[in-house]
Amino acid sequence: MADVKVPTLGESITEATLGEWLKNPGDPVQLDEPIASLETDKVSVEVGSPVAGVMGEQLVKVGDTVEVGAVIALVSEGGAAAAPSPAPAAAPAPTPAPAAAPATEAAALSPSVRRAVLETGVDPSTVQGTGKDGRLTKDDVIAAASAKPAPAATPAPAAAPAASPANGRKEERVKMTRLRQTVAKRLKEAQNTAAMLTTFNDVDMTAVIEARAKYKDLFEKKHGVRLGFMGFFVKAACMALKDIPGVNGSIEGDEIVYHDYCDISVAVSAPQGLVVPVIRDAETLSVAGIERTIGDFGKRAKDGTLKMEEMKGGTFTISNGGVFGSLMSTPIINPPQSAVLGLHRIEDRPVVRDGQIVIRPMMYLALSYDHRLVDGREAVTFLVTLKNAIEDPTRLLIDL
């Protein structure tokens, strides 16, 4: 018997939660084939089999907390795992080959895709993958489920009334995921530790919207990525951070650490919640480079393939609640960072320009900051610098 142990999960991460068993006792497994999925406070991690053989006893249950190095299952080396090897010798026979194909294909699916397959009942072998090297993504499975003919879905409504309680009142208790537990802990720590304050401003998005409309087709043709608003805001934030270094700093003990680089954390949606990967050295990237990096983060967040090292560090965070329709918010800083910028939805509002009331596309900006490190004057100056750059994007080119 070979022990299946929790692998090293990254710096300062000592435990994880068993999210899913990918193999059942008695199933044949190959060397390094994923047999379990672990959830850390940042990403999902697959655990591979240490040997080729047969899946043995599972020593922990889904939802259990496990420490690095702990034995979570046993694999019997050899045994029925030898079954796949005779298959090549029997290749002339047409019947065994189709049976082996689905197992191989299923083993290549990521945990998020497997979960989607189980929830929707879609046969993965019938879906064309759009991921890298033709791999199946969660979105592919969901799209295939939506395209299913209606008769398959009709039995479900009939069964629902029978399962409903007489008084129609229900409660459900679901254990918090490790990601949600960590988010809750860190946000509460930020409130308890930092002297947090939020200051607001608004920005006229006319110039950026016009630039985007004028150049988006050429931009996508040349760079292979869509031109969004985040590229402008990241560039403008980097410029403002150079002028107001405290917003890009952090407190360590009784010292203030100032960073001469901008590692910008950007919040993106993932199946298990929001994750915050980091754009390293964002001040050195073009708008195209920033948009390409954010697009890659978003895609891999949905697929569950972001790496833990990609979400470590970060000197400043930008969170865009506007994509969900938020008008205004007071974002919470991500320790040990000293500030976070909140972006919100764009809406037409009446404003005064040259003594005339006009309608302009406006967005509220919110900067939450640690008042121990950043003074009010610095926070306001940061937002004004950002606002000026967005309203006159030429400033981004000449660093004004």
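The values are calculated or read from the model by the stated rules, or taken from the named source; none is laboratory data. Just so it is clear, the structure is predicted and the values come from calculations on it, not from any experiment. Virtual Cβ from ideal backbone geometry, glycine too; neighbours counted across all protein chains shown. To get the accessible areas, we keep the full protein, side chains included, count just its heavy atoms, and leave off ligands, DNA and RNA. Shrake-Rupley method; radii C 1.70, N 1.55, O 1.52, S 1.80 Å.
Step by step: first the residues of region 295-316, then only those that are of a type in the set (Asp, Glu) and over 29 Å from Asp370 (Cα atoms), then the one that is most open to solvent (accessible area, probe 1.4 Å). Which residue is that? It comes out as Asp296. With respect to the conditions (1) touching a residue at least 40 places away in the same chain (Cβ under 8 Å); (2) open to solvent by less than 40 Å² (accessible area, probe 1.4 Å); (3) assigned to a strand (DSSP E or B); (4) under 20 Å from Lys312 (Cβ atoms), Ile13 lacks only one, and its number is (3). Looking only at residues of region 322-354 that are of a type in the set (S, T, N, Q) and open to solvent by less than 80 Å² (accessible area, probe 1.4 Å), we find that the one that is farthest from Asn248 (Cα to Cα) is Ser326. For region 164-218, the candidate set comprises residues that are within 24 Å of Thr17 (Cα to Cα) and among the hydroxyl-bearing types (Ser, Thr, Tyr); within that set, the residue that is most open to solvent (accessible area, probe 1.4 Å) is Thr177.
If I filter region 21-52 down to residues being at negative phi and of a type in the set (Gly, Ala, Ser), which single residue comes out as modelled with the lowest pLDDT? Restricting to residues being at negative phi and of a type in the set (Gly, Ala, Ser), the top hit is Ser44.
Does region 275-291 hold any residues that are under 20 Å from the mean Cα position of the chain (by Cα) and without any contact (Cβ under 8 Å) to a residue 12 or more places away in the chain, and which are they? Passing the criteria: only Gly289.
What do you reckon, is Leu218 in a helix (DSSP H, G or I), of a type outside the set (Val, Ile, Thr) and within 22 Å of Met328 (Cα to Cα)? Outline the logic, then answer.
Numbers: in a helix (DSSP H, G or I): yes; of a type outside the set (Val, Ile, Thr): yes; within 22 Å of Met328 (Cα to Cα): no.
For Leu218, the condition - in a helix (DSSP H, G or I), of a type outside the set (Val, Ile, Thr) and within 22 Å of Met328 (Cα to Cα) - is not met.
Take Ile256 and decide whether it is in contact (Cβ under 8 Å) with a residue 12 or more places away in the chain and buried (at least 22 other Cβ atoms within 10 Å of the Cβ).
Values: in contact (Cβ under 8 Å) with a residue 12 or more places away in the chain: yes; buried (at least 22 other Cβ atoms within 10 Å of the Cβ): no.
So Ile256 fails the test.
Residues in region 1-20 that are at pLDDT below 85, small (Gly, Ala, Ser) and farther than 17 Å from Glu310 by Cβ: Ala16, Gly19.
So if I check each of Leu227, Leu197, Leu241, which one is closer than 17 Å to Ser319 by Cβ and under 26 Å from the mean Cα position of the chain (by Cα)? I'd like the intermediate steps shown before the answer.
Details: Leu227 fails: closer than 17 Å to Ser319 by Cβ; Leu197 fails: under 26 Å from the mean Cα position of the chain (by Cα).
After applying the criteria, what remains is Leu241.
Is there any pair linking a residue in region 292-308 that is more than 18 Å from Phe219 (Cβ to Cβ) to one that is open to solvent by 60 Å² or more (accessible area, probe 1.4 Å), with Cβ under 7 Å and at least six apart or on different chains, and which? Close Cβ pairs satisfying both conditions: Lys302/Asp139; Lys302/Pro271; Gly304/Pro271.
In region 377-389, the count of residues that are outside any helix (DSSP H, G or I) and either in contact (Cβ under 8 Å) with a residue 24 or more places away in the chain or closer than 30 Å to Lys185 by Cβ (or both) is zero.
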